[in-house]
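Visitor: After the structure tokens below, expect a handful of questions from me.
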Amino acid sequence: MNVEPAPANTATQALEQARNLLSFARGRSTQARLHVLAILLQAESALSHVDIENLAAQQGIEADRVTLYRALDWLVERGLAHRIAGADRAWRYNAQLGLAQQHAHFYCRACQQVFCLENLQPALLFALPQGYQLEQVELNLQGQCPACQARH
Ligand SMILES: [Zn+2]
Ligand SMILES: [Zn+2]
């Protein structure tokens, strides 16, 4: 799969991009998968289940909660989205394209949004003792995002 990551600013662009991505993924491209991926592509920060449900409802997407969650799981399975364990213990999701497989996450305590820090690759921060083979790192930072800082 070789898709150029481009910012999806409008709903139409996001849908188009989602359609492209799904055409490369094995498996059926259902309406729910398409719309959930488009929602993730459009979001500036990672989204919770409730966020996704609300956005789907706003966009007039007819899919019940279970269908949306299944679509989300499928996207994660296929590597089109990833799941983030938030500091508040709620799962959040973001699209995966263009992001390093392993990157740090930043939880803003003020607005409770989670951001993917694509340029911060946790694996590069650790020099493990000899004999240890690193396979996965989860780095969750907390603080204030730029928008919240600007408000103070
Ligand atoms: Zn914030
Ligand atoms: Zn991320």
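FYI, it's all coordinate maths here, none of it is from the lab. Keep in mind it's a predicted model, so treat the numbers as computed, not measured. Every residue, glycine among them, receives a Cβ derived from its backbone with ideal geometry; neighbour counts consider all protein chains shown.
Visitor: Mind ordering 18-24, 131-137 by average Cβ neighbours within 10 Å, highest first?
Guide: 18-24, 131-137
Visitor: Still on this structure, please answer the following. With a cut-off of at most 10 other beta carbons within 10 Å, and DSSP calling the residue loop, which trypsin sites (Lys or Arg not before Pro) in the range 20-61 qualify? Please list them.
Guide: Of the trypsin sites (Lys or Arg not before Pro), the ones in loops of the range 20-61 whose Cβ has at most 10 other Cβ atoms within 10 Å are Arg26, Arg28.
Visitor: How large, in Å, is the chain by the Kirkwood hydrodynamic radius built from its alpha-carbon pairs?
Guide: Taking every pair of different Cα atoms in the chain, averaging 1/r and inverting gives 16.5 Å.
Visitor: Sticking with this one: Evaluate E = 1/(1 + (r/R0)^6) for Asp73 and Thr12, where r is the Cβ-Cβ distance and R0 equals 35 Å; express this FRET efficiency to the nearest 0.05.
Guide: With a Förster radius of 35 Å, E is 0.85.
Visitor: Go ahead and estimate [θ] at 222 nm for the chain from helices alone: -39,500 (n - 2.57) per DSSP H run with n ≥ 4, summed, over the residue count, rounded to 500.
Guide: Value at 222 nm, helices only, nearest 500: -10500 deg cm²/dmol.
Visitor: Here's a follow-up. Roughly how many Å is it from the Cα centre of the range 83-152 to that of the range 17-58, as a whole number?
Guide: 21
Visitor: With N set to the number of residues, divide the alpha-carbon radius of gyration of the range 11-95 by 2.2 N^0.38 Å and report two decimals.
Guide: Cα Rg divided by the expected 2.2 N^0.38 Å: 0.99.
Visitor: How large is the Rg to Rh ratio of the range 104-150 when both quantities use alpha carbon positions and Rh follows Kirkwood?
Guide: Taking Rg over the Kirkwood Rh, I get 1.12.
Visitor: If you take the square roots of the eigenvalues of the alpha-carbon gyration tensor of the range 24-69 and sort them as a ≥ b ≥ c, do you get rounded (a/c under 1.5), prolate (a/b over b/c) or oblate?
Guide: Judged from the Cα gyration tensor, the range 24-69 comes out oblate (a/c at least 1.5, b/c at or above a/b).
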